Amino acid sequence: MTDLTPTASDQPRVLVIVAHPAMEHSRVNRALLRSAKSLLAQDASGHIEVRNLYRLYPDYLIDVEAEKAALARATLVVWQHPIHWYSMPALMKLWIDDVLTFGWAYGPRGTALQGKDLWLVASTGGPRESYRPDSYNRYFFDAFLPPYEQTAAVCGMRFLPPMLFHGAHRVGPKEVAEHAAIYTQRLASYPDWPELADLHEVADCDVPQDARPAEDTEEPVEKAA
């Protein structure tokens with residue numbers, strides 16, 4: 001009888017990219033990182049990989065080839081970070097700038113990430129009710145998601161419904177533990193999430209070749225007489 005048990009290579013791989021500049025002061029992201037690492041410790045098949053950017057690159061000098069190799073192995077890419085000024089921490093943004101390059105992640109021949117899933121797991125200091133038109137953040141939190149969604153779309157990735165934790169500054173340990181438990185379950189059970197079957201297809205965002213000037217068309221700099 002043929003053995004139908006999936007091999008390690010058949011299993012979808014989960015890559016968790018963690019970015020918090022002060023992890024020692026974070027209760028929520030530290031708990032989530034512990035959850036991801038606990039799965040990693042139990043994982044003999046290589047199903048999960050965790051990359052802590054501020055631990056790997058305290059000098060902000062990113063090993064681009066190592067990051068691309070990790071992305072190439074993954075089926076699900078997780079961006080786990082706190083929301084800083086309605087966006088991502090600085091090293092996470094630099095990672096995107098350096099790693100998701102034209103001709104590799106997007107644009108002509110930039111197909112390395114097509115068909116993969118992107119999942120944002122983020123926390124905010126302000127409570128959920130502060131993200132309303134009648135409160136100090138002025139917008140519902142969904143208003144800050146289009147840059148994430150479009151980054152996924154232009155790379156040919158499917159943007160999954162984010163996992164958010166609001167009010168991290170004041171929440172109690174019980175709520176943090178419950179959130180971390182859900183995160184653990186989600187990482188361990190991917191891709192068997194019921195909502196994935198109802199997601200829309202990736203938007204058509206083909207970037208043409210002439211979106212970037214060719215390097216050899218630049219005008220030479222004339223030497224001073």
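The values are calculated or read from the model by the stated rules, or taken from the named source; none is laboratory data. Just so it is clear, the structure is predicted and the values come from calculations on it, not from any experiment. Methodologically, a virtual Cβ is constructed for each residue, glycine included, from the backbone with ideal geometry; neighbour enumeration extends over all protein chains shown.
Within the range 92-128, work out how many residues are aliphatic (A, V, I, L, M) and in contact with a His (Cβ under 9 Å, 6 or more places away or on another chain). I'd like the intermediate steps shown before the answer.
Residues of the range 92-128 that are aliphatic (A, V, I, L, M), as a first pass: 92, 94, 96, 99-100, 105, 112-113, 118, 120-122.
Remaining after also requiring in contact with a His (Cβ under 9 Å, 6 or more places away or on another chain): 92, 120-122.
Of the residues in that region, 4 qualify.
Check the range 36-48 and report whether any residue there is touching a helix residue (DSSP H, G or I) at 6+ places or on another chain (Cβ under 6 Å), among the small types (Gly, Ala, Ser) and crowded, with 21+ Cβ neighbours inside 10 Å. So far as the range 36-48 goes, no, none of its residues is touching a helix residue (DSSP H, G or I) at 6+ places or on another chain (Cβ under 6 Å), among the small types (Gly, Ala, Ser) and crowded, with 21+ Cβ neighbours inside 10 Å. Taking residues in the range 52-70 that are without any contact (Cβ under 8 Å) to a residue 60 or more places away in the chain, and partners anywhere that are surrounded by 18 or more Cβ atoms within 10 Å (Cβ to Cβ) and small (Gly, Ala, Ser), the pairs with Cβ atoms closer than 6 Å and at least 6 places apart or on different chains are 53/19.
Can you find even one residue in the range 170-184 that is part of a loop (DSSP other than H, G, I, E, B), in contact (Cβ under 8 Å) with a residue 40 or more places away in the chain and more than 17 Å from the chain's Cα centre (by Cα)? Checking the range 170-184: at least one residue is part of a loop (DSSP other than H, G, I, E, B), in contact (Cβ under 8 Å) with a residue 40 or more places away in the chain and more than 17 Å from the chain's Cα centre (by Cα).
Is it true that residue 200 is in a loop (DSSP other than H, G, I, E, B) and surrounded by 11 or more Cβ atoms within 10 Å (Cβ to Cβ)?
Details: in a loop (DSSP other than H, G, I, E, B): yes; surrounded by 11 or more Cβ atoms within 10 Å (Cβ to Cβ): no.
Taking the combined requirement at face value, the residue does not satisfy it.
The residue that is farthest from residue 82 (Cα to Cα), among those in the range 125-155 that are under 16 Å from the mean Cα position of the chain (by Cα) and assigned to a loop (DSSP other than H, G, I, E, B), is 155. Within the range 1-39, the set of residues being charged (D, E, K, R) and either outside any loop (DSSP other than H, G, I, E, B) or at pLDDT below 90 (or both) comprises 3, 10, 24, 27, 30, 34, 37.
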